[in-house]
Amino acid sequence: MRKKAILITGAAGEIGQALIEQLSASGEYILLTLDLHPLPEALDGRSVHMIGDILDQKLFARLVTEYELDTIFHLAALLSTRSEFSPELAHQVNVNGTLNLMQLAAAQSQQRGKPVRFIFPSSIAVYGMPDLKTKARDFYVREWDWNYPTTMYGCNKLYCEQLGSYYSHNYQQLAETTPTMLDFRSIRFPGLISAFTVPSGGTSDYGPEMLHAAAQGVPYSCFVRQDSTIPFMAMPDAITSLLQLWETPRSELSRTVYNVTSFSLSAAEFKAEVEKRFPQAEVSFDPDLQRQGIVDSWPAGLNDKQARRDWGWQPAYDVARAFDDYLVPNIQERYR
Ligand code: SER
């Protein structure tokens, strides 16, 4: 008999590491993890780790001979800044890679007569605010507002949300027998901040970079203007939201895509929070026009009422708790 397992792609990334930590704690699940890179030593023994590419269909074919995939957390992606340097590569990874995994999940759902749950992190990058005036006016955007991404990454995420919805509701709609479709669920995250990892290739990176630099006593030059405002969230809340959405019975979900958020800060406010905890921090502002343009197109906040209503979402970490209880103590420990 094949062993029931959970597959996590992009496992060595920021969300992946935190998710493995949490999911492996109970010892309840077999975790299969996939990434181009090895996992950090601290995660040794927590999963069956494979070094590989999500574009490699042969790898998946081998995998399903041994395992029955119950859930896929598909986290692998090129982030927004990185994607602007190699848009076609980003499309390959972010769209074709996701399509590969959806095909795999669709086949698995069919084979076992039970939907595979497919959990997909999306992003504030799917929004495209036309100008700063509108961004200030429509502060908390709803899921269906301003879906006009300006980046390749944002386009990829928005399209893959739609693909997921297609594979969940309309896949092979003209076939004689309706297939068992996969169960796709997606969360649009704000900028995530982890105490244990530093992001790379994203555009919301200035927040975590500022904080990690201050903790190391290194000066930091912020690549956006002081008034630039976007929503943020501490990593433990991001993991909680993924797990909550994963566990909620399908019948209670009125959508396939949900916003979640915690707090919104301008870059100047972010700096002030950092300085409260690290008074010696040296933060200056030297906006990069292109990356500034991306941040200006992202909303200042997210309206997450749908997630609160459907699956009881509520962040545990507001700004003060995020910095005082999670970020600062763990970051200090890390750089000690
Ligand atoms: N944090 C991501 C980025 O900056 C957005 O989802 O690309």
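Please treat every number below as a calculation from the coordinates, not as lab data. Quantities reported herein were computed from a predicted structural model and do not represent experimental measurements. Cβ sites come from the backbone with ideal geometry, for glycine too, and all protein chains shown count toward neighbours.
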Partner aspartates and glutamates whose C-alpha sits under 19 Å from that of residue 133, ignoring same-chain residues fewer than 8 away, are 145, 227, 296
In degrees, nearest ten, helix 267-277 long axis to first principal axis of the chain (Cα)
80
Any chance you could check the Cα centroid distance between the range 87-128 and the range 258-313 for me, in angstrom?
27
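What do you get when you divide the Cα radius of gyration of the range 259-331 by 2.2 N^0.38 Å, with N the number of residues?
Numbers: Rg = 15.1 Å, N = 73, 2.2 N^0.38 = 11.2 Å.
In units of the globular-protein estimate, the range 259-331 measures up at 1.34.
Could you work out the Rg to Rh ratio of the range 1-124, with Rh taken as the Kirkwood radius (inverse of the mean 1/r over all Cα pairs)?
Values: Rg = 14.2 Å, Rh = 14.8 Å.
Result: Rg/Rh = 0.96.
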Between beta-carbons, use under 14 Å as the cut-off and find the net charge around residue 199, counting Lys and Arg +1, Asp and Glu -1.
-1
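If a/c stays under 1.5 just call it rounded; otherwise compare a/b with b/c (prolate if a/b is bigger, oblate if not). Do that for the range 191-230, with a ≥ b ≥ c from the square roots of the Cα gyration tensor eigenvalues. Don't jump to the answer; show the numbers that get you there.
Numbers: a/c = 1.94, a/b = 1.18, b/c = 1.64.
Because a/c hits 1.5 or more and a/b fails to exceed b/c, the range 191-230 counts as oblate.
Calculate the translational D of the range 89-168 in whole µm² s⁻¹ from Stokes-Einstein, where the hydrodynamic radius comes from the Kirkwood formula applied to all Cα pairs, the temperature is 4 °C and the viscosity 1.567 mPa s. Don't skip to the end; give the middle numbers.
Numbers: Rh = 14.0 Å.
The calculation lands on 92 µm²/s.
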So what are the radius of gyration and Dmax for the Cα set of the chain, in Å?
19.7, 68
